[in-house]
Amino acid sequence: MNNKLPIPTHFNPAKVSEIWRVPYQQRSMEAEVWTKQHNIKPAAEDESRVCLLLIDVILSIKNIFYIYFILFFVFTAVFLH
């Protein structure tokens, strides 16, 4: 079984740092052709299963909230007084 797939033709490494409009309809049609070319089956039919174990997610979200709260507090204290 070959687990390596070629990079899709729409990928342009020179544009990675830019923001651009994504033609979603075109990408969808290209994806269907690409999956047929490389014999990619739906994930429901795959024998391999992947489990995602999230650890300390709530703590991370809470820390982000506190950072934004502190930045907001500092911004209002500095610029509005």
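The values are calculated or read from the model by the stated rules, or taken from the named source; none is laboratory data. None of these values were measured; they are calculated from a predicted model. When we count neighbours, we look across all protein chains shown, and the Cβ atoms used for this are built from the backbone with ideal geometry, even at glycine.
For first residues located in the stretch 9-29 and of a type in the set (D, E, K, R), partners that are at pLDDT below 90 and lie 6+ apart or on another chain with Cβ distances below 8 Å form the pairs ARG27/HIS10.
The rows are residues; the columns are (1) exposed (fewer than 10 other Cβ atoms within 10 Å of the Cβ); (2) hydrophobic (A, V, I, L, M, F, W, C); (3) at pLDDT 75 or above.
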residue: ILE7; (1), (2), (3): yes, yes, yes
residue: ILE19; (1), (2), (3): yes, yes, yes
residue: VAL22; (1), (2), (3): yes, yes, yes
residue: GLN25; (1), (2), (3): yes, no, yes
residue: GLU30; (1), (2), (3): no, no, yes
residue: ALA44; (1), (2), (3): yes, yes, yes
residue: LYS62; (1), (2), (3): no, no, no
